[in-house]
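Below is one structure, written out as structure tokens; the observations come after it.
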Amino acid sequence: MTAKLKKYFPMIREKEEVLAEICKNSTLHTKFKSWTPEQQEEFLNLCTGVKGLKLLYDSFFKEIMNPEYVPKRLDDFLSHMLCQKVTILKILPGDSTRIADESSLLIMDIVVELEDRSIANIEMQKIGYLFPGQRSACYSADLLLRQYKRIKGETNKNFSYKDIKNVYTIVLFERSPKIFHIYPFHFYHFFEQKSDTGLEMELLQKYLFIPLDIFQKRQQNESINNKRDAWLTLFSNDNPDTIIKLITEYPEFLEIYEEAYRICLNIERVMGMFSEELAILDRNTVKYMIDEMQNEIDEQKHTIDEQSHAIKEQSQTIERMQKEYHKSITNTIDILRSLNLSDAEIIARICDKYQIQESQVLPYF
């Protein structure tokens, strides 16, 4: 397996060479031994080309897709995701409060201004947050408001709402939330606001969600049909055969892998990256599980509250019916007494009419 990728990336090293460098450095050796056998094997497979690189690793991704260093790549990526020509004009400051709260689940979170002055917020999430729609709507609204304030500040008295441009919220999930798996054959979900009458009006907020895990499952037995699929394959697949197919059909991705494999030549750096990824994965998994459990608890509480309300209503209905039943028997007894019937005959008629025992009628006398 190693030879397959080494043919294209000769800088890939052999397993023995990597292990020898680790053993020479006591700090690296201690760190390596602290990993489980499975983690050790995963690391060696990554460095030696047995498996392809996971380009969604934070350090890899920031290196190969940094819009300051390689803006054309992000231009091309966004162009094929949005199905329109995109050129990044500049990087805008992000939301520091948001990043502080949620950065552990984010691989990338950048805000860019496009050539037509539209705003795009691009996120890569390791594990998808709960409530992705509500969350994205909040950040889209925040971006729109920030754009409004910025443009109004720049134009002063000459401000016009026509200067406010589209705001795109683009989210790619490495591990997508459950809601996306309702559509297991779809990996491209574009949202925009539309009228139910057909009236067209530019409401500015657009959303694109791409679950990479669903894309990868769908692509297992399919070819790479277009550049959009090629980009998504780059970020979702570490199979050597698929990587070779990708760089053969789209040679421009060869340079990206070369840059990433050059990072792997620095064993100390790549071990630090790998350790950080393991720690982030642990934190993310725990946070994700806690969020899922809390969501399940909230749903169960809601169900219990609904059931309690239904039981209360049923109890009130039963109580009302019992009162009406007792009142019916009492009224029937009064009517029979008005006919001068004896108690024995009244009891017999009540038992027959209501299909009850004599002992159940006596308390009414």
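Just so you know, all these numbers are worked out from the coordinates, no wet-lab data involved. Note that the structure is a prediction, hence the values are computed from the model and not measured. Because the Cβ atoms are built from the backbone with ideal geometry, glycine has one as well, and the counts that use them run over all protein chains shown.
When the listed pairs Lys54/Lys245; Lys149/Lys194; Lys85/Lys245 are checked against a 18 Å cut-off, the alpha-carbon distance exceeds it for Lys149/Lys194; Lys85/Lys245.
The Rg/Rh ratio for the stretch 108-208 is 1.02, where Rg is the radius of gyration of the alpha carbons and Rh is the Kirkwood radius.
FRET efficiency for the pair Thr303 and Asn340, taken as 1/(1 + (r/R0)^6) with r the Cβ-Cβ distance and R0 = 56 Å, rounds to 0.45. Legend: calculated FRET efficiency, Met321 to Tyr183, from the Cβ-Cβ distance at R0 = 56 Å, rounded to 0.05, equals 0.75.
Note down the net charge around Ala230, summing +1 for each Lys or Arg and -1 for each Asp or Glu among other residues with Cβ under 12 Å from its Cβ. Here the count lands on -1.
Take the chain, connect every pair of alpha-carbon atoms lying under 10 Å apart with a spring to form a Gaussian network, then pick out the residue of Tyr325, Tyr168, Tyr129 with the largest mean-square fluctuation. The residue that fluctuates most here is Tyr325.
Assuming R0 = 30 Å, can you tell me the calculated FRET efficiency for the pair Asp163 and Arg262, based on Cβ-Cβ distance, to the nearest 0.05? Calculated transfer efficiency: 0.10.
By the count of other C-beta atoms within 10 Å, a proxy for reagent exposure, Tyr207, Tyr354 are ordered fewest to most as Tyr354, Tyr207.
Applying a DSSP loop filter and a limit of 12 other Cβ atoms within 10 Å to the chymotrypsin sites (Phe, Trp or Tyr not before Pro) in the stretch 1-73 leaves Tyr69. Taking a sphere under 14 Å around the Cβ of Gly153 and counting the other residues whose Cβ falls inside, with K and R at +1 and D and E at -1, yields a net charge of +3.
For the chain, the gyration tensor built on C-alpha atoms gives a prolate shape. Its axis ratio a/c (a ≥ b ≥ c) is at least 1.5, and a/b is the larger of a/b and b/c. Take every DSSP beta bridge whose two residues both sit in the chain; close to 50 percent of them are antiparallel.
Could you line up Ile244, Ile88, Ile350, Ile356 from fewest to most neighbouring Cβ atoms inside 10 Å?
Ile356, Ile244, Ile88, Ile350
When Lys and Arg each count +1 and Asp and Glu each count -1, what net charge do the other residues less than 15 Å away from Arg349, Cβ to Cβ, add up to? Net local charge, Arg349 excluded: -3. Candidates Ile335, Phe187, Tyr325 compared by Cα position along the dipole of the chain: farthest toward the positive end lies Phe187, with charges placed on Cβ. Computed per residue of the chain from DSSP H runs no shorter than four, each worth -39500 (n - 2.57), the mean residue ellipticity at 222 nm is -19000 deg cm²/dmol. For Lys24, a cut-off of 23 angstrom between C-alpha atoms picks up these lysines, skipping any fewer than 8 places away in its own chain: Lys15, Lys33.
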